[in-house]
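Working notes, beginning with the structure itself.
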């Protein structure tokens, strides 16, 4: 399932952007956008390393919360933007997903059965909200549908891979990945607050030189006293 | 074991192939020197001062052994992010370049002496240095063409250098009683002296 999925994604990526359907754009937005892909990768690793019951609970909670996220997008957006000047909060959605999944992976594995299901739910709701916020056509469902299929594929393939590679070293690597996700989430969130520095002076224009035309203009003629402008008759 | 390695290798190759056909944004930009993900990823790798410090964290963790093999590389990015946030929010920290130079000196010395302090002391020490490195990265962030991808790039690069340091440290632990790793620490100390002299 991994290789056919990769082949489909590669085909979509090679497709000219203006010929892509909404579903294709949705699929790419989930797998290529760092803010959405990384939390899904982390969640897949967490589900893959968890026991069967925990993995099932985590997946179910993720799916249910994602449905809730899709349904409640307008209400959540309205709540986030209730106060004037808070549009930056919409940019905190992806960082929140990163930090949430990081909090699943970073703690000791013995805590994962307790924290995976609720945090997977938070991640699902937030990822769904992120997909819907990036939907270029809010009337049509193609974008979220493509994004959802891509997300499910990514989680399933990587979780199965993590299960096959299961070992003590992978648990340690998962904790390292968790710390990276928290760091990335914090920094991504920080960029939402960053005031971009004003543009520095533009690079100087290079005057084109043409043969026969002097590079420097001749000096301005001096104005003689009592004679007015030098060009006056 | 071989089967797992084959599966892992197949997964890594597939990911690499997929990323190579993904659309890559143009790198043309007018202002600043920092771009997006590639620029952020290259920053710790091509900056010898950052590279030496992160690399020595990995080696030192491998030398200390036990939990420290992974607690040091787990703590560093987290505290580094805090340093980056401090820079982004405009907090002023003095003598960051001196702090970075000291980090190379101190971590190189720790590897050279194969120092085994209590884990808390080691974590405190690398936390102080992580703030300096994170701050230096965070200063570049607002000027980046794509700050979000830039941040992701340098965090992933930092983690990769740590893992490289761990791998080299573990590989050099046994031969000649670990003297090769300690010699590497000595070279890192020389680099630290150079950057310290530049920073003064």
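Quick look at the values:
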{"item": "Matching residues, the stretch A:16-46, being over 29 Å from residue A:183 (Cα atoms) and either out of contact with any helix residue (DSSP H, G or I) (no Cβ under 7 Å at 6 or more places or on another chain) or surrounded by 21 or more Cβ atoms within 10 Å (Cβ to Cβ) (or both)", "result": "A:16, A:17, A:18, A:19, A:24"}
{"item": "The listed residue being at pLDDT below 80, within 13 Å of another protein chain (Cβ to nearest Cβ) and out of contact with any helix residue (DSSP H, G or I) (no Cβ under 8 Å at 6 or more places or on another chain), out of B:7, B:24", "result": "B:24"}
{"item": "Residue within the stretch A:141-148 that is within 8 Å of chain B (Cβ to nearest Cβ) and either at pLDDT 75 or above or in a helix (DSSP H, G or I) (or both) present", "result": "no"}
{"item": "Only one of A:183, A:174, A:162 that is assigned to a helix (DSSP H, G or I) and either over 19 Å from residue A:111 (Cβ atoms) or at the interface with chain B (Cβ under 8 Å from one of its Cβ atoms) (or both)", "result": "A:183"}
{"item": "Subset of the stretch A:1-27 (residues that are more than 8 Å from chain B (Cβ to nearest Cβ), part of a helix (DSSP H, G or I) and free of Cβ contacts under 8 Å to residues at least 60 places away in the same chain)", "result": "A:4, A:7, A:8, A:11, A:12, A:18, A:19"}
{"item": "Pick from the stretch B:65-84, criterion within 12 Å of chain A (Cβ to nearest Cβ) and not in a helix (DSSP H, G or I), ranking: surrounded by the fewest Cβ atoms within 10 Å (Cβ to Cβ)", "result": "B:66"}
{"item": "Lone qualifier among B:62, B:101, B:87, B:53 - being modelled with pLDDT of 55 or more, within 11 Å of chain A (Cβ to nearest Cβ) and part of a helix (DSSP H, G or I)", "result": "B:87"}
{"item": "Residue B:42 vs. criteria surrounded by fewer than 17 Cβ atoms within 10 Å (Cβ to Cβ), within 28 Å of residue A:172 (Cβ to Cβ) and modelled with pLDDT of 85 or more", "result": "yes"}
{"item": "Criterion violated by residue B:94 - all others in (1) surrounded by fewer than 20 Cβ atoms within 10 Å (Cβ to Cβ); (2) assigned to a helix (DSSP H, G or I) satisfied", "result": "(2)"}
{"item": "Any chance residue B:145 is on the phi < 0 side of the Ramachandran plot, touching a residue at least 60 places away in the same chain (Cβ under 8 Å) and in a helix (DSSP H, G or I)", "result": "no"}
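Residues checked against (1) away from chain A (no Cβ under 14 Å); (2) within 15 Å of residue B:85 (Cβ to Cβ); (3) in a helix (DSSP H, G or I):
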{"site": "B:111", "(1), (2), (3)": "yes, no, yes"}
{"site": "B:115", "(1), (2), (3)": "yes, no, no"}
{"site": "B:126", "(1), (2), (3)": "no, no, yes"}
{"site": "B:132", "(1), (2), (3)": "yes, yes, yes"}
{"site": "B:151", "(1), (2), (3)": "no, yes, yes"}
{"site": "B:155", "(1), (2), (3)": "no, yes, yes"}
{"site": "B:159", "(1), (2), (3)": "no, no, yes"}
{"site": "B:168", "(1), (2), (3)": "yes, no, yes"}
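Yes/no per residue for (1) under 20 Å from residue A:177 (Cα atoms); (2) surrounded by 14 or more Cβ atoms within 10 Å (Cβ to Cβ):
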site	(1), (2)
A:57	no, yes
A:61	no, yes
A:65	no, yes
A:82	no, no
A:97	yes, yes
A:109	yes, yes
A:118	yes, yes
A:125	no, yes
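The values are calculated or read from the model by the stated rules, or taken from the named source; none is laboratory data. Owing to the predicted nature of the structure, the values given are computational and were not obtained by experimental measurement. As a convention, Cβ positions derive from the backbone with ideal geometry for all residues, glycine included, and neighbour counts pool all protein chains shown.
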